[in-house]
Structures are given as C-alpha cells and as structure tokens.
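Right, one structure below, let's go through it.
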Amino acid sequence: MTLRIVRLGTPRLPQEGTRIGAVRRPPRGVRKENYARENWYDVWYPELSPSAALVARALNAETPKDWTAFTRSFRAEMQAPAANRTLDLLAALSHGADFSIGCYCADDSRCHRSVLRALLKERGAKIG
C-alpha cells in the first residue's frame, strides 16, 4: 500500500488507486463526467491546494527566494485545523490503501505538490 504524488492528466500508474485532485480549479474544457476517464482525478479536494492568492504568488515566483516565501506561506495555510487533520488522515491511510494526490504543474519542484509530499512525509506517510 502506498501514496503517490502525481501530475494530473498523466497516465495512471499500476496500482495507483484513487486519484485525488489537490487543485483550486477543475480542468478547463473537460466535462465533469470525464475527469476520471481522462486521468485528471477521481475526487476533487481543493482544500489540499493553496488559496487563490497563494496560487498567484506561486505562478509569479521568479526567484528561489520567491518560491521559499510561497512554500512558507503554503505550509502556514496547511496548519489550519481542518487541513492539518486531513494531512494526518492521508498519512495514516497511506499505510493501508493505494491512492494518489496530484496537481497540473509540469515541474514538480515548483508545484505545491512537492510541499504536500514533504508535509505528508513529516507525518510518516508511506510515499511511493
């Protein structure tokens, strides 16, 4: 059993399990009934994405300093009680179920999913 961090819209990996979309907005131009069939996600969970203001900051981060500031702010957002409990739940589930969490970004190192990966690892998640 394992948790994977993936790019949404890419082919699914064997044994990937349920794909969770940790994005602020659904994919543009895709009908809701096609989200899973087209490998976007099975469940949309925008609470795992940065706030709209932070998404804008991430997209405009040009320097390592800008990205570090975004990361710090996103980590702070994820300390809210509901987000914190969600991360604890996902970390626990990773030891008994196959599932994935993803975002649209092409570059994992400049995507909030890299921060989610770190936050989940810090909670003891089993990440593949």
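Below is a table of values for the structure above.
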quantity	calculated
Any hit, segment 15-33, residues being part of a helix (DSSP H, G or I), of a type outside the set (S, T, N, Q) and over 19 Å from G128 (Cα atoms)	yes
Residue match in segment 6-13 (condition: open to solvent by 30 Å² or more (accessible area, probe 1.4 Å), assigned to a loop (DSSP other than H, G, I, E, B) and without any contact (Cβ under 8 Å) to a residue 12 or more places away in the chain)	no
Residues within segment 83-103 that are under 28 Å from R28 (Cβ atoms) and open to solvent by 70 Å² or more (accessible area, probe 1.4 Å), tallied	0
Hits in segment 14-39 (condition: farther than 25 Å from A76 by Cβ and open to solvent by less than 60 Å² (accessible area, probe 1.4 Å))	E16, G17, R19, P26, P27, V30, N34, Y35, A36, N39
Residue among S94, S100, S73, S49 that alone is in contact with a Lys or Arg (Cβ under 8 Å, 6 or more places away or on another chain), among the hydroxyl-bearing types (S, T, Y) and farther than 24 Å from G17 by Cα	S73
Cross-chain or 6+ apart pairs with Cβ under 6 Å, segment 56-70 first and on the phi < 0 side of the Ramachandran plot, then open to solvent by less than 100 Å² (accessible area, probe 1.4 Å) and assigned to a loop (DSSP other than H, G, I, E, B)	W67/A61; F70/A61
Scan of segment 71-82 for residues that are outside any loop (DSSP other than H, G, I, E, B) and either open to solvent by 80 Å² or more (accessible area, probe 1.4 Å) or without any contact (Cβ under 8 Å) to a residue 40 or more places away in the chain (or both), ordered by number	R72, S73, A76, E77, P81, A82
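The values are calculated or read from the model by the stated rules, or taken from the named source; none is laboratory data. Quick caveat, the model's predicted, so the values are computed rather than measured. Glycine also receives a Cβ, built like all others from the backbone with ideal geometry; neighbour counts cover every protein chain displayed. Just so you know, the surface numbers come from the protein's heavy atoms only, side chains and all, with ligands and any DNA or RNA stripped out. Shrake-Rupley method; radii C 1.70, N 1.55, O 1.52, S 1.80 Å.
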